[in-house]
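One structure is given below, encoded as structure tokens.
Just so you know, all these numbers are worked out from the coordinates, no wet-lab data involved. Here the structure is a predicted model, which means the values were calculated and not measured. Don't worry about glycine lacking a Cβ; one is built from the backbone with ideal geometry, like all the others, and counts go over all protein chains shown.
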Amino acid sequence: MSAVTSTGQSLAASGLVFTYPEAGKGRMTAVNIAALEARPGSVTALAGPSGSGKSTLLYLLSGLMRPDAGSIRWNGDDLALLGEARRDGWRRRNAGFVFQNFHLIEEMSPEDNVLVGGWFSSWSVRGLRRRAAELLDRLEVPRERTRVALLSRGEQQRVAIARALLFDPPVIFADEPTASLDAAAGHNVVATLRRLAAEDGKTVICASHDADLLDSCDRVVRIDHGRIAATKVEIAEPVS
Ligand SMILES: Nc1ncnc2c1ncn2[C@@H]1O[C@H](COP(=O)(O)OP(=O)(O)OP(=O)(O)O)[C@@H](O)[C@H]1O
Ligand SMILES: [Mg+2]
């Protein structure tokens, strides 16, 4: 789809513990995960009740936060051993984020929203614009709209996915990507995430309650009180 290429990234996390400070009570354990894996070309969903630790786990796996204990290996890099600047660097090179509430700038065009992350890159403006247009076309976003506010919610979420893909990151994190969409728009976003894994070899990790999304994932990891309660592998994965 473009000249940009990415190398697949496999996750192997183990012994992950993360605690938040609790007023007057010391600390509460939000994440306590013995082992978690994710592979290129697959969609992994973190499911579980509200407050079970799904978002916190996504922040750890993406290096936004550092665990109290454990390792988070993406290919050769253990994010748990890296300081903030190097984790930021890993994320810039490897990760794209999609959030429930899009986090778009409503008064800007779809293309300019996609380009926000490119402001400080070394790419030419022309190259960036070509890439943004290509992504918006691929995700079937009407590019001619002058403001993102004029798009449907499903289209806005697809702009957010396009923005996450600007530099073709091998890993996509999505926190409740369909939660504020109706069924049809949600289905379209799920299909988009699936295609990113199946066609582009991305490692996709979502936190979600959405039955449609959970049904179409390769692997569903159920989290309860920060721990893995069950793992369901939907599609046979190659034995490595
Ligand atoms: N910044 C914080 N400080 C203290 N506790 C926090 C903080 N963020 C989250 N928590 C607590 O950590 C636990 C896990 O929260 P988290 O947001 O990861 O859950 P979640 O599974 O994503 O929930 P939801 O489905 O509602 O998004 C919850 O008990 C929450 O109250
Ligand atoms: Mg959450």
### Message
I need to check one value: relative contact order of the stretch 4-106, counting alpha carbon pairs closer than 8 Å and at least 6 residues apart, in percent.
### Response
28
## Note on the structure
Excluding residues fewer than 8 positions from LYS202 in its own chain, the lysines with Cα under 24 Å of it are LYS54, LYS232
### Query
Of all DSSP beta bridges in the chain, what percent run antiparallel (nearest 5)?
55
### Extension gain, GLU199 back to THR7 (0.36 nm per residue minus Cα-Cα distance, nm)
67.8 nm
### Query
Is it possible to state the helix-based mean residue ellipticity at 222 nm for the chain, with each DSSP H run of 4+ residues giving -39500 (n - 2.57), the sum divided by total residues, to the nearest 500 deg cm²/dmol? What is it?
-9000 deg cm²/dmol
### Query
When only Cα pairs under 8 Å and 6 or more residues apart are kept, what is the percent relative contact order across the chain?
29
### Separation between Cα centres of the stretch 58-108 and the stretch 129-143, rounded to whole Å
25
### Residues ASN75 and GLU144, FRET efficiency given R0 of 41 Å [Cβ-Cβ distance, rounded to 0.05]
0.55
### Query
How about LYS25: which aspartates and glutamates have a C-alpha closer than 18 Å to its C-alpha, ignoring those fewer than 8 places off in the same chain?
ASP68
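Taking 22 Å as R0, compute the FRET efficiency from the Cβ-Cβ separation of TRP119 and ARG86 and round it to 0.05.
In this case the efficiency is close to 0.50.
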